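Enquirer: Next up is a structure, given as structure tokens.
The values are calculated or read from the model by the stated rules, or taken from the named source; none is laboratory data. Everything numeric in this text was worked out from a predicted model, so none of it was measured. Positions of Cβ are backbone-derived with ideal geometry, glycine not excepted, and every protein chain shown enters the neighbour counts. The area values use the complete protein model at the heavy-atom level, side chains included, leaving out ligands, DNA and RNA. Shrake-Rupley method; radii C 1.70, N 1.55, O 1.52, S 1.80 Å.
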Amino acid sequence: MKEKIKNLGMMGNAFRVMAGLDTVYGYDVAVDDMFRALIAHSSLEEVTCFYEPNHFQESAILRKYRSLSRANKASAKLNLFSELDILQDQKKVDIDILHNVSMEFMPLVYLREFFAKSAFPITYTIHGASYPNYIESFYLMKLLMPFRPYDSLICTSRAVKYAVKAMLENISGALNERYNTNIKYEGRLDIVPLGVDTDKFIPMDKREVRNKLDLPVDPFIILWLGRFSAYDKADLLPIILMYKRLLEKNLDKDLLLILAGHDRKTIPFIPAIKSYFTEHGIENKVKIIPNNDVANRNLLFAAADVFVSPIDNVQETFGITPIEAMACGTPQVVSDWDGYKDTVIDGETGFLIPTYWMKCDEDIKTAAMFPSEPTHRTVLHHLLMGQSVALDLQEYEQAIQRLIDHPELREMMSENSVKIAREKFGWANVIRLYEDLWSELREQQKATPVEDRREDLTFMQPIYCDAFKQYPTRFLSDQETFVITPEGENVLDGKEPIPKHYQIEDILQEYQLGPIILQQLREVGSKGLTVAQILTQYKGLYHESVVRRSTMWLFKHGLSYLRK
């Protein structure tokens with residue numbers, strides 16, 4: 001019997017401040033949903049979240065957890081573990097697994113190798129594999145980090161697992177051949193899909209929900225919902241052309257295409273879409289819903305007769321919207337592309353429309369680092385690649401026509417969709433897949449000899465004092481003597497303020513220990529204390545570096561002086 005995972009560690013840095021983004025990204029929806037699902041549906045006893053103090057993460061984690069608690073959906077106890085608990089108190093982490101719902105992995109490796117009671121497994125979820133800057137920041141670092149054989153990158157689809165494996169093998173192969181090295185990714189690649197809240201995304205009475213959304217009741221509604229971006233999501237212009245063909249062949253039917261979601265403020269797509277509709281003379285048969293309420297997107301899915309998604313971009317990895325439509329009983333007609341291949345079942349829940357591509361990236365490959373601004377380079381590459389992917393528009397049109405002509409087919413696909421969404425993609429089922437994997441990794445960990453891998457991380461350490469030792473006039477030794485100044489006396493007597501810059505200083509040890517050392521300097525008077533004496537006094541109570549920084553803080557602000 002597999003060991004039960006009791007205490008799961010989670011990284012809080014996965015949560016982003018939505019107000020700072022130029023649109024709504026599927027990543028943020030997936031991260032939020034998975035956190036809630038882990039708290040609500042897992043068999044975990046505890047979830048320990050690691051966060052940065054005085055940042056958005058702490059409040060975000062607490063807010064989400066409290067909302068689940070109020071709804072009696074919090075099955076696991078929440079523990080909060082601050083970055084300062086690790087950095088300043090040198091606390092050791094005692095958990096069974098460390099997971100990140102985002103794809104950042106280096107903090108997880110550092111946490112385990114330097115601050116863990118055991119060499120627990122690490123898992124993290126990929127949300128994008130195609131960005132050019134990932135070559136140096138993600139793929140290369142995966143080859144250089146001391147992963148263990150029971151660590152796993154969670155791939156959400158077979159397609160993205162293949163892509164990640166190919167990228168890693170290309171980089172390691174090229175480096176090993178060129179530099180006679182033997183670097184490779186030492187962890188695992190496992191597949192676990194994203195999930196959908198099947199309590200929220202459910203079939204509804206179409207007439208009622210359309211009235212609620214102020215939509216016309218009678219038309220056959222074709223829905224697209226997502227981020228408006230031909231750069232790194234989906235080109236909607238071919239779908240508009242396909243829709244025009246449908247209108248011309250169904251003059252006796254009432255059709256309506258709804259495009260809902262969020263546009264990017266910096267590079268908007270909606271103006272081009274509106275212009276394309278007008279040029280084709282079908283602007284009256286289309287409804288665009290910009291800035292659609294993400295929280296109520298389940299209503300739009302339930303209101304539609306069919307959901308379409310012409311994804312054509314390598315930026316995609318899984319695709320949440322098809323399974324959300326599926327859970328609402330809305331047939332999906334989508335690209336046969338990336339993660340859609342694993343979710344939509346052709347002929348049962350909807351139709352997979354063939355996509356076509358050819359090798360056309362030789363020039364882009366050689367200019368991987370240009371233009372030099374990463375964001376521009378990313379969108380440019382994705383646009384060029386996306387525009388080289390074609391969907392079979394004839395099959396797209398035929399698939400939707402079949403659904404228009406055959407209500408019984410829609411009903412069959414609707415029933416199949418709800419069943420499969422609940423059985424395969426409901427969060428409770430997805431979390432069980434995670435727990436099974438975590439148990440397997442934990443067993444593998446226990447069967448693997450423990451090896452100290454801390455030395456493998458020295459190349460990543462910022463050696464501030466060693467690298468920049470030529471900056472100061474001189475470096476001080478432990479034999480230097482510090483004496484209190486009159487200003488230091490005044491601070492202790494409350495006559496002058498303690499220097500303070502930011503709120504975080506209230507919880508940093510340096511600013512708590514500094515006044516204590518200052519009091520000791522007053523007690524010894526003009527004799528003063530050497531750095532070595534101060535270090536001896538606080539040995540075992542504070543990290544040696546904290547004591548040194550506290551001592552220098554007093555000197556910096558004129559509360560002590562260096563006896564020459």
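Enquirer: Answer with yes or no whether Thr181 is touching a strand residue (DSSP E or B) at 6+ places or on another chain (Cβ under 6 Å), part of a loop (DSSP other than H, G, I, E, B) and open to solvent by 20 Å² or more (accessible area, probe 1.4 Å).
Expert: no
Enquirer: May I pose another question? With in a loop (DSSP other than H, G, I, E, B) and buried (at least 19 other Cβ atoms within 10 Å of the Cβ) as the only criterion, which of Thr266, Thr330 stands out?
Expert: Just one listed residue meets the conditions, Thr330.
Enquirer: Could you list all residues from segment 205-258 that are open to solvent by less than 40 Å² (accessible area, probe 1.4 Å) and in a helix (DSSP H, G or I)?
Expert: Scanning segment 205-258 gives Val209, Arg210, Ile239, Ile240, Met242, Tyr243, Leu246, Leu247.
Enquirer: On to the next question. Here is a list: Ala40, Ala119. Which entry is open to solvent by less than 40 Å² (accessible area, probe 1.4 Å) and part of a loop (DSSP other than H, G, I, E, B)?
Expert: Criteria check complete, one pass: Ala119.
Enquirer: Now, a different point. Residues Leu153, Leu175: which one is aliphatic (A, V, I, L, M) and open to solvent by 40 Å² or more (accessible area, probe 1.4 Å)?
Expert: Only one candidate qualifies: Leu175.
Enquirer: Quick one: how many residues across segment 245-271 are among the charged types (D, E, K, R) and out of contact with any Phe, Trp or Tyr (no Cβ under 9 Å at 6 or more places or on another chain)?
Expert: The total comes to 5.
Enquirer: Can you name every residue in segment 269-322 that is open to solvent by less than 30 Å² (accessible area, probe 1.4 Å), out of contact with any Leu (no Cβ under 8 Å at 6 or more places or on another chain), under 30 Å from Val192 (Cβ atoms) and part of a helix (DSSP H, G or I)?
Expert: Passing the criteria: Asn298, Ala302, Pro322.
Enquirer: While we're looking at this one, here's another question. Out of curiosity, is Gly195 open to solvent by less than 40 Å² (accessible area, probe 1.4 Å), among the small types (Gly, Ala, Ser) and within 30 Å of Thr321 (Cα to Cα)?
Expert: yes
Enquirer: Would you tally the residues in segment 72-106 being modelled with pLDDT of 90 or more and open to solvent by 40 Å² or more (accessible area, probe 1.4 Å)?
Expert: Qualifying residue count, segment 72-106: 7.
Enquirer: Name the residue that is surrounded by the fewest Cβ atoms within 10 Å (Cβ to Cβ), counting only residues in segment 462-483 that are among the hydroxyl-bearing types (Ser, Thr, Tyr) and over 37 Å from the mean Cα position of the chain (by Cα).
Expert: Thr473
Enquirer: Let me ask something additional. Among the residues of segment 40-79, write down those that are in contact with a strand residue (DSSP E or B) (Cβ under 6 Å, 6 or more places away or on another chain) and under 27 Å from Asp199 (Cβ atoms).
Expert: Across segment 40-79, the qualifying residues are Leu44, Glu46, Val47, Thr48, Cys49, Gln57, Ile61, Tyr65, Ala76, Lys77, Leu78, Asn79.
Enquirer: Sticking with this structure for a sec: Name the single residue that is surrounded by the most Cβ atoms within 10 Å (Cβ to Cβ) among those in segment 484-526 being outside any helix (DSSP H, G or I) and in contact (Cβ under 8 Å) with a residue 24 or more places away in the chain.
Expert: Ile484
Enquirer: Just to be sure I understand, how many residues within segment 131-154 are part of a loop (DSSP other than H, G, I, E, B) and within 15 Å of the chain's Cα centre (by Cα)?
Expert: So the answer is 1.
Enquirer: Does any residue in segment 80-104 that is under 11 Å from Asn7 (Cβ atoms) come within less than 8 Å, Cβ to Cβ, of a residue that is part of a loop (DSSP other than H, G, I, E, B) and open to solvent by less than 10 Å² (accessible area, probe 1.4 Å) six or more places away or on a different chain, and which pairs are these?
Expert: Taking only residues 6 or more apart or on different chains, the pairs are Ile95/Phe120; Asp96/Ile5; Asp96/Phe120; Ile97/Ile5; Ile97/Phe120; Ile97/Pro121; Leu98/Phe120; Leu98/Pro121.
Enquirer: So which residues in segment 342-374 are part of a loop (DSSP other than H, G, I, E, B) and in contact (Cβ under 8 Å) with a residue 24 or more places away in the chain, if there are any at all?
Expert: Listed by number, the residues that qualify are Ile345, Glu348, Thr349, Pro354, Trp357, Met358, Cys360, Asp361, Ala368, Met369.
Enquirer: Continuing with the same structure: Could we say that Lys142 is touching a Ser or Thr at 6+ places or on another chain (Cβ under 9 Å), surrounded by 14 or more Cβ atoms within 10 Å (Cβ to Cβ) and among the charged types (D, E, K, R) here?
Expert: In short, no.
Enquirer: If you don't mind, there's one more thing I want to ask. Name the residues in segment 547-558 that are surrounded by fewer than 20 Cβ atoms within 10 Å (Cβ to Cβ) and touching a Leu at 6+ places or on another chain (Cβ under 7 Å), would you?
Expert: Phe555
Enquirer: Residues in segment 53-65: is at least one modelled with pLDDT of 85 or more, in contact with a helix residue (DSSP H, G or I) (Cβ under 6 Å, 6 or more places away or on another chain) and buried (at least 19 other Cβ atoms within 10 Å of the Cβ)?
Expert: Checked against the condition, which is being modelled with pLDDT of 85 or more, in contact with a helix residue (DSSP H, G or I) (Cβ under 6 Å, 6 or more places away or on another chain) and buried (at least 19 other Cβ atoms within 10 Å of the Cβ), segment 53-65 yields at least one hit.
Enquirer: Okay, moving on. Any idea which residue in segment 264-317 is farthest from Cys155 (Cα to Cα), counting only those that are over 32 Å from the mean Cα position of the chain (by Cα) and of a type in the set (Gly, Ala, Ser)?
Expert: Top of the filtered list is Gly281.
Enquirer: Keeping to segment 307-361, report how many residues are acidic (Asp, Glu) and in contact with a Lys or Arg (Cβ under 8 Å, 6 or more places away or on another chain).
Expert: Here the count works out to 3.
Enquirer: Does segment 127-139 contain at least one residue that is closer than 25 Å to Gln444 by Cα and touching a strand residue (DSSP E or B) at 6+ places or on another chain (Cβ under 9 Å)?
Expert: no
Enquirer: Here's a follow-up. Sort out which residues of segment 446-471 are part of a loop (DSSP other than H, G, I, E, B), among the hydroxyl-bearing types (Ser, Thr, Tyr) and under 24 Å from Met141 (Cβ atoms), and write them in order of number.
Expert: Thr448
Enquirer: Give all pairs with beta carbons closer than 7 Å in which a residue from segment 32-53 that is over 11 Å from Lys77 (Cα atoms) and in contact (Cβ under 8 Å) with a residue 40 or more places away in the chain meets a residue that is polar (S, T, N, Q) and open to solvent by less than 30 Å² (accessible area, probe 1.4 Å); count only pairs at least 6 apart in sequence or on separate chains.
Expert: Pairs that qualify, where the first residue is over 11 Å from Lys77 (Cα atoms) and in contact (Cβ under 8 Å) with a residue 40 or more places away in the chain and the partner is polar (S, T, N, Q) and open to solvent by less than 30 Å² (accessible area, probe 1.4 Å), are Pro53/Ser82.
Enquirer: Looking at (1) at pLDDT 90 or above; (2) buried (at least 17 other Cβ atoms within 10 Å of the Cβ), which is the one condition that is false for Asp33?
Expert: (1)
Enquirer: Here is a further query. Of the residues that make up segment 355-370, is at least one open to solvent by 20 Å² or more (accessible area, probe 1.4 Å) and basic (Lys, Arg)?
Expert: Yes, there is a match, as at least one residue in segment 355-370 is open to solvent by 20 Å² or more (accessible area, probe 1.4 Å) and basic (Lys, Arg).
Enquirer: Here's another thing I want to ask about it. Under 7 Å by Cβ, and 6 or more places apart or on different chains, what pairs join a residue from segment 164-176 that is more than 14 Å from Tyr131 (Cα to Cα) with one that is open to solvent by 30 Å² or more (accessible area, probe 1.4 Å) and basic (Lys, Arg)?
Expert: Ser172/Lys184
Enquirer: Would you mention how many residues in segment 122-139 are hydrophobic (A, V, I, L, M, F, W, C) and open to solvent by 40 Å² or more (accessible area, probe 1.4 Å)?
Expert: 1
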